[in-house]
Each structure stands twice: as C-alpha cells, then as structure tokens.
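The values are calculated or read from the model by the stated rules, or taken from the named source; none is laboratory data. Nothing here was measured: the structure is a model prediction, and the numbers come from that model. Note that we place each Cβ from the backbone using ideal geometry, even for glycine, and neighbour counts take in every protein chain shown. For accessibility, only protein heavy atoms count, side chains too; no ligands or nucleic acids. Shrake-Rupley method; radii C 1.70, N 1.55, O 1.52, S 1.80 Å.
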Amino acid sequence: MASVSYKLVQPEKVIKQGSAWGIVLPTGEINLTVIVGQAPSIVKFDAGLVKILDDDGQVCDRYFVKEGVASIAADVCVITSEIIWNKAKLNFEEIREKSKDDDFCEMIVDKWTAD
C-alpha cells in the first residue's frame with residue numbers, strides 16, 4: 001500500500017518522522033486526511049489532535065499540537081507547530097491539573113476525553 005512520508009517539526013527540532021497510510025490534521029469543524037496523491041498545498045491547522053494512520057486506516061499514533069502549518073506535496077507532509085506532544089507520553093492527571101491555568105492543556109483534556 002502506498003504511504004505518505006511525514007515529519008512533525010517544532011521550530012528547534014524534528015519530533016517524529018516516518019511513513020503512514022495517512023495523516024489526519026485538525027482543520028476546524030472537518031478534519032483533513034492527507035493521503036498519497038493529495039494536491040500540493042499549504043494548510044493552516046487548528047490546535048488539536050494529529051492522528052497517524054496505519055495501512056488499515058486505523059489510528060496508530062496521536063500528537064497534540066498547537067495551531068500550525070502543514071506543507072503537503074504528492075507523498076510528503078511536513079507538519080510544523082510550536083508545540084507537539086505525543087499523547088502516549090502524557091500523564092492525563094498532570095495535564096488536567098495544568099488545564100486550570102492553560103488553554104492548550106484545557107483543549108487537550110477536552111480532546112482526550114472525546115477521543
């Protein structure tokens with residue numbers, strides 16, 4: 001099955017790179033799924049959850065991101081954001097505590113419970 005090469009990039013470092021069947025970007029009310037053959041574009045995305053899809057189209061990895069930009073071309077997607085946190089490495093209770101004073105953490109709590 002064809003795959004999309006992707007990079008998750010913060011200003012100072014690459015957080016993750018690899019290949020996947022698709023990548024779901026949080027672009028408002030309707031998410032955008034990037035797959036092979038996507039028209040070249042630059043997309044502004046909202047704070048939310050980026051989902052990496054395996055060959056079966058199932059979510060295999062999740063990253064919370066602040067708003068940012070994705071550069072998409074044929075079979076490459078570069079996702080750039082100030083903050084990119086791997087959901088699997090976060091502690092829900094710590095994020096919930098931080099959410100009292102931090103809008104980004106509050107969004108994570110909302111998305112976490114809905115996902």
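List pairs: first in segment 14-32 and free of Cβ contacts under 8 Å to residues at least 12 places away in the same chain, second in a strand (DSSP E or B) and among the basic types (Lys, Arg), Cβ under 7 Å, 6+ apart or cross-chain?
Correct list of pairs: 14/7.
In this structure, is residue 7 of a type outside the set (Val, Ile, Thr), at pLDDT below 95 and surrounded by 12 or more Cβ atoms within 10 Å (Cβ to Cβ)?
No, not satisfied.
Condition check: within 17 Å of the chain's Cα centre (by Cα) and open to solvent by 80 Å² or more (accessible area, probe 1.4 Å). Does residue 110 satisfy that?
Spelling it out, residue 110 is indeed within 17 Å of the chain's Cα centre (by Cα) and open to solvent by 80 Å² or more (accessible area, probe 1.4 Å).
So which residues in segment 48-79 are open to solvent by 60 Å² or more (accessible area, probe 1.4 Å) and more than 18 Å from residue 38 (Cα to Cα)?
Those that are open to solvent by 60 Å² or more (accessible area, probe 1.4 Å) and more than 18 Å from residue 38 (Cα to Cα): 56, 58, 60, 62, 67.
From (1) at pLDDT 95 or above; (2) open to solvent by 80 Å² or more (accessible area, probe 1.4 Å); (3) of a type in the set (Lys, Arg), pick out the condition that doesn't hold for residue 16.
(2)
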